[in-house]
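This report concerns only the one structure given below.
The values are calculated or read from the model by the stated rules, or taken from the named source; none is laboratory data. Predicted, not measured: the structure shown is a model, and the values here were computed from it. Virtual Cβ from ideal backbone geometry, glycine too; neighbours counted across all protein chains shown. Note: accessible area is taken over every heavy atom of the protein model, side chains too, but ligands, DNA and RNA are not part of it. Shrake-Rupley method; radii C 1.70, N 1.55, O 1.52, S 1.80 Å.
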Amino acid sequence: MKPSVAKQYILLGALFLWALIAQCTFSGYLIYSEAHGNERAPLPFSFHDYSTVVQYLHPPYGNSGVKPGDEIVALNGTPIQGLAEVSAFEERLRPSETVTLTVKRTEGPLTRTFDIRLPLKAAPSPSFGWTFVIGVFVALPAIGLLVGFYIAFARPSDPLAWITLAMLASFGQLTDADISWSISPPWRELFLVYHALLTTTWPLWMLLFAFYFPLPFPFLRRHRWLIYAVSVIPAALTIVNIYGSLMEGHHIEELKWLTTFHQATYRPVVILYMGYVGAFFTLLGMKRQLLNTPDACRRLRVMSIGCGISLTPLIPLVLGEIGLVPMMPPWIAVFCLLMLVFFPLTVAYVIVVQRAMDVRMVVRSGVQYALARSGIRILQVGLITAVVAFMGRLQMQSQHRVEGIVIGIVGIAVVVLLGRMGRWARQWMDRRFFREAYNAERILTDLSSSVAGIRDTKRLIETVAHRIADSLHVPRVAFLLEHGGLFQPAYALGFANGAPPVRLNEQATTIRTLKRINGPSKIFFDDPQSWVHGASEPEQSALQTLETQVLLPVSLDHKMLGVISLGSKRSELPYTKADLQLLSAVAAQTGLALENAHLTESIRREIASRERLDRELEIARDVQQRLFPQNLPHVQGLDFCGYCRPAQGVGGDYYDFIHLASGSLGIAVGDVSGKGIAAALMMASLQASLRGQTIKPCDTLAEMIHHINGLVYEASSANRYATFFYAQYDPVNRKLTYVNAGHNPPMLRRKKGDGFEFLRLEEGGTVIGLFPNFPFKEAEIQLQSGDILVAFTDGISEAMNQGEEEFDEERLMDAIRTCPSRSAANISSYILEHVDAFTAGADQHDDMTIVVMRLL
């Protein structure tokens with residue numbers, strides 16, 4: 001047991017002990033008072049709450065001089081400090097005594113004294129007295145506490161169980177009854193706090209119960225404040241009530257403010273509490289619209305009807321209390337209060353019983369089934385008895401031993417035959433009228449022959465679903481198949497809009513439980529100990545959407561391939577052990593057939609997938625090629641070209657030539673990390689960012705690259721980046737301004753004497769897309785006639801031969817050095833020929849891109 005659960009059980013045990021002591025003290029005192037009521041003569045009036053102000057004067061004492069509103073300040077000359085003195089005085093009163101009352105009035109003399117003579121004998125207890133005490137003060141709280149603590153102990157971690165406990169316990173305290181202050185502490189204080197706590201919070205527990213039963217409203221997750229809002233007033237009143245209950249025994253003078261407050265707020269509070277009760281029934285009605293499962297709707301309907309029958313008779317009582325209608329006669333009031341017993345009984349039936357079945361269904365199915373099966377058994381027993389009696393008579397009349405033996409054998413054979421005929425008749429009746437019996441062997445044989453040759457998954461699961469539905473007479477069947485770690489409906493029967501859109505993760509409690517059980521599992525949403533209550537709310541919601549009563553795992557070699565969800569039977573009777581055994585055998589056959597179908601479909605999908613992938617790659621390659629410059633702009637005195645050879649049809653290399661509004665030429669070369677489609681998508685993002693920045697030029701290239709870096713950073717994942725080289729060539733003064741963002745430095749070949757020198761364009765910064773804010777620097781170089789600039793990606797410098805040796809930049813420099821001063825396109829081809837000659841047919845591992853510029 002988890003420590004948290006152990007603490008909950010300890011708390012429940014302490015609460016149960018408190019409730020038991022408080023209720024036994026209260027009920028025991030009332031039973032004692034009822035039994036000895038004729039020995040005492042109570043005072044002829046009752047007080048307002050928390051005071052000794054007369055609220056009601058019994059009719060025989062109307063002419064005694066005391067009237068409602070008078071404050072009793074002394075009894076027989078003894079001042080009253082609190083209700084403890086009044087209770088002790090009343091305990092000593094006997095019939096025919098004279099009581100001297102000192103009364104304080106707001107008008108006239110400050111105090112007045114009246115002598116009241118009590119009757120010669122105590123008034124007899126009304127005939128309904130014991131009914132009232134036993135029904136309202138003993139049976140009602142006892143039933144509520146038993147049911148409430150049963151639910152709470154069964155599910156200590158469920159908030160609904162605690163709310164149900166508080167609600168049922170509070171219903172036992174709805175009716176006020178004065179308890180004698182002669183009861184010694186701490187028993188009196190235990191009850192006073194217990195009663196004050198529950199008598200002011202019962203409508204709150206009803207409202208919270210409606211919020212959470214049978215499932216919480218979805219809006220409660222987003223609006224938790226609503227729970228606290230509806231709890232503020234009951235909580236405040238509870239604190240005041242506890243304080244007043246403890247103080248009124250000996251400090252009545254200090255509670256005058258509370259009496260005034262209580263009289264002023266009594267009617268508004270009663271109206272508010274009636275609103276809480278109305279909200280209880282309204283919310284249950286709303287739940288019936290939200291929950292579309294028959295079981296949930298049935299439970300809510302039973303709850304609404306039962307609670308309505310229990311609480312409706314209280315309405316005239318409450319209206320009479322606040323003076324809106326005349327007070328009811330006592331015997332009618334007792335009857336109305338006794339109706340409260342239906343409330344805990346309704347909650348017990350709906351929550352404790354596993355299925356709240358309609359009464360009509362119970363009566364119809366139970367009576368018809370019992371009469372039909374019993375009739376067959378009675379007929380069978382009668383025939384067997386008649387045969388035995390007839391054979392016995394023949395035995396007695398037979399005169400030969402052999403004849404007697406033959407008669408005995410025939411009699412035994414007839415009895416056995418009648419037994420088998422009776423068994424066959426009961427099975428036939430079940431199949432024909434009650435839909436509960438079936439021929440398991442025939443079902444398995446038919447199913448085996450049906451699915452043996454099916455290689456199409458859809459047709460297979462349709463066949464299995466229909467066969468189960470027809471055999472067990474289950475109107476709702478859903479077949480969930482595993483795909484990508486998720487179990488989703490692939491076929492469903494009996495649902496209005498087709499397969500419900502539910503899904504279960506392979507790590508879900510439902511799937512893990514089915515793997516552990518490795519067999520059918522019943523689902524009981526009404527059983528607090530069912531494993532389904534340990535599942536997450538989305539799982540429970542999915543199962544309720546499917547109206548699941550049985551889950552059937554379809555597996556092979558400990559690998560779960562799917563799950564079959566079965567709803568309730570048409571008869572609404574539970575699934576039997578024979579049902580589950582049959583379903584286990586069906587699942588085993590289905591698992592084997594499903595695996596064969598999966599293998600066949602997998603091969604078919606693999607072939608189709610390869611063909612589709614080839615087509616998609618071809619399309620992607622064509623799209624990417626169109627992102628490269630299709631028509632090169634004309635720039636005076638400059639010959640240039642670019643070429644890209646992707647390694648996988650599409651790639652992440654990028655080059656571009658952009659004719660700027662100033663007449664300059666923008667030259668870009670980039671290399672996105674990774675290969676394939678992902679790199680190609682980022683390459684397209686980089687191209688779009690660059691083109692967008694060139695529409696409205698920045699003051700410097702460094703600022704422009706900084707903006708591009710921010711755009712690429714926001715549009716790419718954390719592990720994606722690109723090396724990037726960008727330059728702008730001014731044909732007027734032949735200057736090249738550039739920024740190198742972590743790219744392979746382009747090589748500038750320049751004639752020097754009889755040979756060539758190489759300049760590397762390295763100035764710039766780090767790669768783009770990796771850091772959101774990184775400063776970049778730009779550089780400038782003066783170009784001359786005959787200069788050749790070669791920009792490339794590492795797919796060229798790192799190209800490998802069969803011996804995994806890299807081409808490297810030294811060999812690239814040698815190729816540039818030896819290439820003739822021909823056109824840029826010829827120089828590009830010459831360099832690539834050297835690379836291909838070096839790799840000698842080895843696989844290309846990276847995209848190859850080269851850009852060549854030659855100044856005329």
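Looking at segment 621-642, is at least one residue closer than 30 Å to TYR491 by Cβ, out of contact with any Gly (no Cβ under 8 Å at 6 or more places or on another chain), of a type in the set (Lys, Arg) and open to solvent by 50 Å² or more (accessible area, probe 1.4 Å)? No, segment 621-642 has no match at all. Which one is modelled with the highest pLDDT, of the residues in segment 438-473 that are part of a loop (DSSP other than H, G, I, E, B) and open to solvent by 20 Å² or more (accessible area, probe 1.4 Å)? Across segment 438-473, the extreme among qualifying residues is HIS473. Within segment 770-784, the set of residues being at pLDDT 90 or above, closer than 20 Å to CYS698 by Cα and surrounded by 16 or more Cβ atoms within 10 Å (Cβ to Cβ) comprises PHE776, GLU778, ALA779, ILE781.
Kindly evaluate GLU85 against the criterion of being charged (D, E, K, R), at pLDDT 80 or above, open to solvent by 40 Å² or more (accessible area, probe 1.4 Å) and closer than 30 Å to PHE261 by Cβ.
Against the criterion (charged (D, E, K, R), at pLDDT 80 or above, open to solvent by 40 Å² or more (accessible area, probe 1.4 Å) and closer than 30 Å to PHE261 by Cβ), GLU85 qualifies.
Okay, residues lined up against (1) more than 29 Å from GLY308 (Cα to Cα); (2) surrounded by fewer than 14 Cβ atoms within 10 Å (Cβ to Cβ); (3) more than 29 Å from the chain's Cα centre (by Cα):
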| residue | (1), (2), (3) |
| --- | --- |
| TYR228 | no, yes, no |
| ILE233 | no, no, yes |
| GLY244 | yes, no, yes |
| GLU253 | yes, yes, yes |
| PHE261 | yes, no, yes |
| VAL269 | no, no, yes |
| GLY278 | no, yes, no |
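Residue check: is LEU207 farther than 22 Å from ALA84 by Cα, in contact (Cβ under 8 Å) with a residue 24 or more places away in the chain, under 23 Å from the mean Cα position of the chain (by Cα) and assigned to a helix (DSSP H, G or I)? The answer is yes for LEU207.
Within the set LEU101, LEU110, LEU120, the sole residue that is over 60 Å from the mean Cα position of the chain (by Cα) and modelled with pLDDT of 80 or more turns out to be LEU101. Checking every residue in segment 838-845 against the condition of being crowded, with 16+ Cβ neighbours inside 10 Å and among the aliphatic types (A, V, I, L, M) gives zero matches.
The listed residues are ALA499, ALA535, ALA508, and the only one of them that is under 22 Å from LYS458 (Cα atoms) and not β-branched (Val, Ile, Thr) turns out to be ALA499.
The residue that is farthest from the chain's Cα centre (by Cα), counting only those in segment 32-63 that are more than 23 Å from LEU192 (Cα to Cα) and open to solvent by less than 30 Å² (accessible area, probe 1.4 Å), is ALA41. Please verify whether segment 747-761 includes one or more residues that are among the small types (Gly, Ala, Ser) and surrounded by fewer than 17 Cβ atoms within 10 Å (Cβ to Cβ). Checked segment 747-761: at least one residue is among the small types (Gly, Ala, Ser) and surrounded by fewer than 17 Cβ atoms within 10 Å (Cβ to Cβ). Scanning segment 477-490 for residues that are under 17 Å from GLU595 (Cβ atoms) and in contact with a Phe, Trp or Tyr (Cβ under 8 Å, 6 or more places away or on another chain) yields PHE479, LEU480, LEU481, ALA490. Among the residues of segment 626-655, those that are touching a residue at least 12 places away in the same chain (Cβ under 8 Å) and polar (S, T, N, Q) comprise GLN636, GLN648. Per the conditions (1) in contact with a helix residue (DSSP H, G or I) (Cβ under 6 Å, 6 or more places away or on another chain); (2) open to solvent by 60 Å² or more (accessible area, probe 1.4 Å), the sole criterion not satisfied by TYR713 is (1).
Once segment 536-551 is narrowed to residues that are assigned to a loop (DSSP other than H, G, I, E, B) and open to solvent by 10 Å² or more (accessible area, probe 1.4 Å), the residue that is nearest to CYS297 (Cα to Cα) is GLU547. Within segment 569-592, can you find the residues that are open to solvent by less than 40 Å² (accessible area, probe 1.4 Å) and among the hydroxyl-bearing types (Ser, Thr, Tyr)? Listed by number, the residues that qualify are SER571, TYR575, THR590. Counted as qualifying within segment 246-350 are the helices (runs of 4 or more DSSP H) with 2 or more residues that are farther than 27 Å from ALA236 by Cβ, of a type in the set (Ser, Thr, Tyr) and in contact with a Phe, Trp or Tyr (Cβ under 7 Å, 6 or more places away or on another chain), namely 294-311. For segment 194-222, a residue qualifies if it is surrounded by fewer than 18 Cβ atoms within 10 Å (Cβ to Cβ) and closer than 25 Å to SER304 by Cα, and the qualifying residues are LEU215, PRO216, PHE217, PRO218, PHE219, LEU220, ARG221. Scanning segment 53-74 for residues that are outside any loop (DSSP other than H, G, I, E, B) and more than 13 Å from THR111 (Cα to Cα) yields VAL53, VAL54, GLN55, TYR56, LEU57, PRO59, PRO60, TYR61.
Looking at the structure I just gave you, is ALA620 assigned to a helix (DSSP H, G or I) and of a type in the set (A, V, I, L, M)?
Numbers: assigned to a helix (DSSP H, G or I): yes; of a type in the set (A, V, I, L, M): yes.
The answer is yes for ALA620.
Remark: ALA492 falls outside the filter, which requires a residue to be modelled with pLDDT of 85 or more, in a helix (DSSP H, G or I), crowded, with 18+ Cβ neighbours inside 10 Å and small (Gly, Ala, Ser).
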